[in-house]
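Encoded as structure tokens, the structure appears first; notes follow it.
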Amino acid sequence: TARVVRDGVELELPVDEVRVGDLVSVRPGEKVPVDGIVRSGRSAVDESMVTGESIPVAKTEGSAVTGATINGTGAFAFEATRVGRDTVLAQIVRMVEEAQGSRAPAQRLADRIAGVFVPVVIAVAIFAFVLWFDFGPQPAVVFATVSFVTVLIIACPCALGLATPTAIMVGTGRGAERGVLIKGGDALEAASRLDVVILDKTGTVTAGRPDVVDFLAARGPSAAGAASEAERAEILAAAAAVERHSEHPLGAAIVRAATERSLEIPEVADFQAHRGRGATALLGAHRVAVGSAAFLIELGVDIGPFTDAVDTLAARARTPVLVAFDGRPLGLLGLADPIKPSAVGAVRKLLRMGLEVILVTGDMRKVAIAVAGEVGIDQVESGMLPAGKVQVIKRLQAAGKRVAMVGDGINDAPALAAADVGIAIGTGTDVAVEAAEIILLTGDLRAAVTAIELARATMRTIRQNLFWAFAYNVLGIPIAAGALYPLAGLLLSPVFASAAMAFSSVAVVTNSLRLRRFEPTFST
């Protein structure tokens, strides 16, 4: 639904009744119903659904907003500019549908072999019958019939038919036990032959929400260093006391960090917010200021100890937040979307497996490069909207590479569908899960390594099954046709042929069951 203002009256209407030009109001915490331009009010909007940027984006008069993004703590009214099938969300859905519909199903090796093998076997059986009927000992018709039937029995392609489905059944079952859901054999086959793995940033490599990751304290008039535990507690408690009254998402991250550390957050008075720059408040008889370097300089605070640190944090894609106490700098907090602890190990393993790893994100380039450097990725594609991610995948596919996409958001769904293998983080959106062929039940990127390892192990087992099933038939058919009779006087009985045929099927199933002992590199 959407709150539409018509003739001065606010009406709650179904979203499909919103028209271009309508004035729509959005309250704190609500989703933006359609695309438009802000006409009044201000807030910070979580646009990670479209851009992948985890830090909410400030919106003021004249700013563009996108349908399905989530409003923060402010309120605003906007003019609808795109509705229905014209919205960004609808375009994403169409891209997903087109990508899913254009993918051809993987062909089964067993089907190709059986397509040639069965006619050849029938021809061999007929040839053996004619040969024994014309040149065999008496009664010729008996010898000819026995050879004909024995060839058909021993060449029955049961083992060929079991080679693929038994391995896929065991492999997908083992994957489910390890938190990896695989939608079918096509996904296993494609995942075993990958050349490139594309990783989304927000929610996949990073946690997907801002957090306090750096603490620095003054170490003199022009130097700063890492804060001790006591200094961290002092800086964080003072900052949280002020930011508890702020609606800014970075302030919420500071308060959350203090709460997670079980710090006592004192009460403040005379809170004053300075939008986009910082806030001040009285903590007892002391004035505390929290905000950007420019804001504190404006208040007359000498930030000399932190001048270099602010630039260093910014270069590392951190958002620097300074804390001042009675006009003197107390500390510096660096906020960022933290790297998932498992991401570094997962990327290293993917590279050791001979895969090319690329970070593709809608975030700014300096942020993307900083994150890629921390996890060990050399190739970065930044500023990518959903269509851009699809273009990157198609470019790689046009170069003959088989591509997997790992993501979790609505903005990743078209890329997940366009890739040879879409791997969705199960903690992400339903749209991403629906578009992918492999779902990781945890948010742990190492599960993607497990999925690829399992796919390779399963396809290796399938190839072994096909080899032994085919080799068995190649060796058994001449014997069944009577090749040993002129040399040793032996003619294979249909009874022994049926036993041998059954044994080949048992061997294939037993080989597939070995996948139950599959152990991944990482236990997630």
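Details
- Whichever residue in the range 164-218 is of a type in the set (Asp, Glu) and under 17 Å from VAL357 (Cβ atoms) and, among such residues, is surrounded by the most Cβ atoms within 10 Å (Cβ to Cβ): ASP200
- Candidate set: the range 270-282, residues that are at pLDDT 90 or above and buried (at least 19 other Cβ atoms within 10 Å of the Cβ); chosen: the one nearest to ALA336 (Cα to Cα): ALA279
- Residue match in the range 210-233 (condition: of a type in the set (D, E, K, R), at pLDDT 85 or above and in contact with a Pro (Cβ under 8 Å, 6 or more places away or on another chain)): yes
- Some residue of the range 250-262 being farther than 16 Å from PRO56 by Cβ, more than 35 Å from the chain's Cα centre (by Cα) and open to solvent by 70 Å² or more (accessible area, probe 1.4 Å): no
- The number of residues in the range 211-242 that are over 17 Å from PHE325 (Cα atoms) and either assigned to a helix (DSSP H, G or I) or under 38 Å from the mean Cα position of the chain (by Cα) (or both) comes to 8.
- If you filter the range 128-150 down to residues that are out of contact with any Gly (no Cβ under 9 Å at 6 or more places or on another chain) and in contact (Cβ under 8 Å) with a residue 12 or more places away in the chain, you find that the one that is nearest to ALA499 (Cα to Cα) is VAL149.
- Residue in the range 16-31 that is closer than 17 Å to ARG82 by Cα and within 29 Å of the chain's Cα centre (by Cα) present: yes
- Hits in the range 399-408 - residues which are open to solvent by 10 Å² or more (accessible area, probe 1.4 Å) and closer than 15 Å to LEU359 by Cα: ASP408
- Residue count for the range 7-20 satisfying the condition of being touching a residue at least 12 places away in the same chain (Cβ under 8 Å), over 11 Å from VAL34 (Cβ atoms) and assigned to a loop (DSSP other than H, G, I, E, B): 1.
- Selection status of VAL360, open to solvent by less than 10 Å² (accessible area, probe 1.4 Å), in contact (Cβ under 8 Å) with a residue 24 or more places away in the chain and either in contact with an Asp or Glu (Cβ under 7 Å, 6 or more places away or on another chain) or farther than 23 Å from ARG193 by Cα (or both): yes
- So THR73, is it open to solvent by 20 Å² or more (accessible area, probe 1.4 Å), at pLDDT below 85, of a type in the set (S, T, N, Q) and within 29 Å of PRO338 (Cβ to Cβ): yes
- Screening ASN511 on (1) more than 20 Å from ALA123 (Cβ to Cβ); (2) touching a residue at least 24 places away in the same chain (Cβ under 8 Å); (3) more than 50 Å from the chain's Cα centre (by Cα) shows it passes everything except condition (3).
- Restricting the range 363-376 to residues that are among the hydrophobic types (A, V, I, L, M, F, W, C), over 19 Å from ILE393 (Cα atoms) and not in a loop (DSSP other than H, G, I, E, B), the residue that is most open to solvent (accessible area, probe 1.4 Å): ILE369
- Counting only strands (runs of 3 or more DSSP E) that sit wholly inside the range 263-356, those with at least 1 residues that are touching a residue at least 40 places away in the same chain (Cβ under 8 Å) are 278-283, 286-291, 319-325, 328-336.
- From ALA448, ALA432, ALA424, ALA436, residue being more than 14 Å from VAL197 (Cβ to Cβ) and in contact (Cβ under 8 Å) with a residue 12 or more places away in the chain: ALA432
- Looking only at the range 184-209, and only at residues there that are modelled with pLDDT of 85 or more and among the β-branched types (Val, Ile, Thr), the one that is farthest from the chain's Cα centre (by Cα): VAL196
- Within the range 410-457, tally of residues that are open to solvent by 10 Å² or more (accessible area, probe 1.4 Å) and assigned to a loop (DSSP other than H, G, I, E, B): 10
- Looking across the range 182-205, the residues that are closer than 19 Å to LEU351 by Cβ and in a strand (DSSP E or B) come down to VAL196, VAL197, ILE198, LEU199.
- Here PHE496, PHE503 are screened, and the one residue that is without any contact (Cβ under 8 Å) to a residue 24 or more places away in the chain, assigned to a helix (DSSP H, G or I) and either open to solvent by less than 40 Å² (accessible area, probe 1.4 Å) or under 21 Å from VAL124 (Cα atoms) (or both) is PHE496.
- Residues considered: GLU229, GLU267, GLU247. Of these, the only one that is more than 25 Å from ILE410 (Cα to Cα), in contact with a helix residue (DSSP H, G or I) (Cβ under 8 Å, 6 or more places away or on another chain) and open to solvent by 50 Å² or more (accessible area, probe 1.4 Å) is GLU267.
The values are calculated or read from the model by the stated rules, or taken from the named source; none is laboratory data. Everything numeric in this text was worked out from a predicted model, so none of it was measured. Please note: Cβ atoms are built from the backbone with ideal geometry, for glycine as well, and neighbour counts cover all protein chains shown. Remember, those area values only see protein heavy atoms, side chains included, never the ligands or the DNA or RNA. Shrake-Rupley method; radii C 1.70, N 1.55, O 1.52, S 1.80 Å.
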